[in-house]
Each structure stands twice: as structure tokens, then as C-alpha cells.
1. Label Leu95 and Lys39 with points 7 Å out from Cα along Cα→Cβ: what is the distance between them in nm?
2. Under a plain spin-label model, where a point goes 7 Å from the Cα along Cα-to-Cβ, how far apart in nm are Lys72 and Ser55?
3. Give me the percent of DSSP beta bridges within segment 29-188 that run antiparallel, rounded to the nearest 5.
4. Stretch Ala62-Thr172 to full length: gain in nm at 0.36 nm per residue minus the Cα-Cα span?
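Bear in mind that the values in this text are calculations on the coordinates, not laboratory data. This structure is a prediction, so every number in the text was calculated from the model and none was measured. All Cβ positions, even for glycine, are placed from backbone atoms using ideal geometry, and neighbour counts span all protein chains on display.
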Amino acid sequence: MQKAKLTKRFISFIMAFVLVIMLIPAGITTVGAAGDESKFLAPIEAPIAGSIPISTAAQLAAIGNDSDSLSKNYHLANDIDLSGSEWLPIGTSSLPFTGTFDGQGYVIKNLTITGDHRYAGLFGYTTEAMIKNVGLEGTNIDISSTSSDVYAGGICCESIGSNSSISNCYNTGDVSAATTSSSYSVVVPCGGK
């Protein structure tokens, strides 16, 4: 009789333990993500295989230097500070960014774009691109044009294509656009069309 009670208690204990374990969410590991994940709404996964790490402002700027670089996959390896220079957006309507950019929970700080630009943001123009897990802090975008419509957004100002996505991103700072022509200006909070 004593043995039967101990067996029942043991089985009850094991069942309770299993229930508690089942209630703990499995979650997604954050391999490679070291940014302040509390600012992101979704878990951050490891970067895709073969993705090119970006560690410096110069490496980030080089993404838009030639058409071949615009179709590759990239991920941030640390926070990047762009203080002291004007940012040239990655991608144009004639040479759009078509790859993947994964911020890995890191932050790009002090992105500044001023003056006469048609597209202004970290990414100027993308087609069928994926941008995710990146934060912008201290952004200062203030563009204008006297001859054409203008588009401004912190992360990306124009994103075209049914497979395009901008997810788990944020921007803190100022973004403004104005035109004095008969065209229009568009300011988007994080992404485009």
C-alpha cells in the first residue's frame, strides 16, 4: 500500500513537472543578436546563411556602391554611428536594393540626410527586398525639392513588390519632406508602398 502511494505521488509530480515545462514558451534563440531587444516586437533569429556582416559605417555605405552589391544579403554585427556625415540612401529607382538586410537587433545612430533629394531614408528605394530587425535612433531627415516629388522614411522611403517586407524595425528621430513644385511629398513612418 505504501509503495502504491509513493508511485502515485511520483507520477503526479512528473505530470505536474511536465505541465509546467509545457507552459514555458519555447521562444526563438537570439543567436547573434546583441542589440537592445526590448525595443523590438518580435524575436530575432540568427542571420541567413551566407549573409555578409556589416560592422562599420564604410561597409554599410558600400552596399550601394555598385549594382552587384544591391542584390546581396547583409546583417549588422554591431551598432553603427553615422555622426558627422551626410548619408546617401541605399538604392535608387534605377538601381534598387533587392537583397536582404537584417539588423540583428542592432541600432544605426545619427543618420542624417538634408538638402535636395528625391528619396531619403536608410534605404532610398527597394524592390522585392527584405529589411528586418534594425533600429534607427537620432535620425535627422529634412529634404526638399523644387523640381520633383519627394519621398522620405526612416528605414525605407519606397519599397515596391509583392514580396517586399519591412518588419520588426523602428525609427526615432525627425523625418520631413517638402516640395515647392506641383508634385507632392510623402513621409512614411517606417516603410513605403
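1. Here the answer is 3.0 nm between the modelled labels.
2. According to this spin-label approximation, the distance is 1.5 nm.
3. On the way: 0 of 43 bridges.
Percentage antiparallel, nearest 5: 0.
4. On the way: separation 110, 0.36 × 110 = 39.60 nm, distance 2.40 nm.
Difference between extended and current length: 37.2 nm.
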